[in-house]
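For reference, the structure is listed below as structure tokens.
None of the figures in this text is laboratory data; all of them are computed from the coordinates on show. Just so it is clear, the model here is predicted, and its values are computed rather than measured. When we count neighbours, we look across all protein chains shown, and the Cβ atoms used for this are built from the backbone with ideal geometry, even at glycine.
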Amino acid sequence: MDLSLLKQKLDNLQQKQSSGGQKTDYTTIFWRPSVGKQQIRIVPSAFDPKNPFTELKFYYGITNKVMISPLNFGEKDPIALFASKLREEYNKENYVLAKKLDAKNRIFVPVVVRGEEDKGVRLWQFGKTVYEELLALAVDEEIGDYTDVASGRDLTVETVGPEVTGTPYNRSSVRVRLKTSPLSEDSKQVQGWLKEQPNPKELFKRYTFDEMKSALEKWLAPEDSHEEGDIISESPTDFDNDPKDLPWEKEEAKSKSKFSLDTSQAKQTKKDEFDNLFNN
């Protein structure tokens, strides 16, 4: 080994770290419930005081990276356009594939974890089931606004592991505490929590229309990596992945499903469908 060369590489890495190039610790941005019971408080959003929940759409399996949909930013989405085109043909195979191509919704909410107040506001992300539970609590007139900083309510998050769920993944449920309480007795701390929050829309790499179109085109006409038409569904992702990838647990087991766009009514291949929509 060339020790001088290796030392230079080490110096370069350390220099990048000292200049702010160190790897982001996503555990300081995202909160993931552990098995057992934990107390949290949902905090009013710094970006939308009327609604603490941020819904974002993501794609899984088009590439080896999870992609955030441009629809979240009011921009055209080539994958959504292609899925919509498939549905126009009233064909079962196309409809099923279009449904597989639909973006998946994930919800983010700012929380303070009791006993970990020193870590500040972090984002808790979840899917439909927990979201429905939280919305049901929010519209319950007897509970009131559980995010109110003066008279809101803490929530108990109870999480069970794979030995209970029968899947490789944990499952969480929520219930509201009966007693109301302030977010904090420290007014300065409250003001800091209301202002200093991670913005979910700024945490993920955004792809251009052409980049997403290219990714879809490669998926439709793969060369070596996958068989034609394979979709790889959501699979577990850890916090130590690329900072611009999605750092969250997935709710579905990894699987592959193959669908063909060729039918008795439509003889075109998937690539032909793509070309008709985008290139002609």
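Consider Lys99 carefully, then state whether it is assigned to a strand (DSSP E or B) and surrounded by fewer than 16 Cβ atoms within 10 Å (Cβ to Cβ). The answer is no for Lys99. Within region 94-109, the set of residues being touching a helix residue (DSSP H, G or I) at 6+ places or on another chain (Cβ under 8 Å) and touching a residue at least 40 places away in the same chain (Cβ under 8 Å) comprises Asn94, Leu97, Leu101, Ala103, Asn105, Ile107, Phe108, Val109. Could you tell me which of the residues Phe58, Phe73 is aromatic (Phe, Trp, Tyr) and surrounded by 14 or more Cβ atoms within 10 Å (Cβ to Cβ)? The conditions single out Phe58. So, Leu194, is that one in a helix (DSSP H, G or I), at negative phi and surrounded by 14 or more Cβ atoms within 10 Å (Cβ to Cβ) or not? Yes: the conditions hold for Leu194. The residue that is surrounded by the fewest Cβ atoms within 10 Å (Cβ to Cβ), counting only those in region 114-139 that are in contact (Cβ under 8 Å) with a residue 12 or more places away in the chain and acidic (Asp, Glu), is Glu117. Scanning region 76-96 for residues that are under 30 Å from Phe30 (Cβ atoms) and either crowded, with 21+ Cβ neighbours inside 10 Å or of a type outside the set (Lys, Arg) (or both) gives Asp77, Pro78, Ile79, Ala80, Ala83.
So that you can scan it fast, the table gives a plain yes or no per residue for (1) more than 26 Å from Tyr169 (Cα to Cα); (2) in a strand (DSSP E or B); (3) within 15 Å of the chain's Cα centre (by Cα):
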position	(1), (2), (3)
Ile40	no, yes, no
Glu55	no, yes, yes
Leu71	yes, no, yes
Asn94	yes, no, no
